[in-house]
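The values are calculated or read from the model by the stated rules, or taken from the named source; none is laboratory data. The structure displayed is predicted, hence computed values, not measured ones. With ideal geometry, Cβ positions are generated from the backbone for all residues, glycine too; neighbour counts draw on all protein chains shown.
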């Protein structure tokens, strides 16, 4: 895994605007790696890549609904 981490520490007076902005590239890279692995496993189990991607998208929609409705 090649993470996009800073090559030098942030010095006093330098600012990373938000934690989200600092973490987002790494999060996106990890998310892509996970999705790639899930598709590989699903295809090796006999699913098509399209079916795997559709299932992943459905899981994401379900997760978003759960986050939006804590009563679930």
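Within segment 6-17, not a single residue is within 27 Å of residue 56 (Cβ to Cβ), modelled with pLDDT under 95 and surrounded by fewer than 11 Cβ atoms within 10 Å (Cβ to Cβ). Could you check, for segment 29-44, whether at least one of its residues is outside any helix (DSSP H, G or I) and out of contact with any strand residue (DSSP E or B) (no Cβ under 9 Å at 6 or more places or on another chain)? No, segment 29-44 contains no residue that is outside any helix (DSSP H, G or I) and out of contact with any strand residue (DSSP E or B) (no Cβ under 9 Å at 6 or more places or on another chain).
Does residue 45 meet the test of being surrounded by fewer than 10 Cβ atoms within 10 Å (Cβ to Cβ) and modelled with pLDDT of 95 or more? For residue 45, the condition - surrounded by fewer than 10 Cβ atoms within 10 Å (Cβ to Cβ) and modelled with pLDDT of 95 or more - is met.
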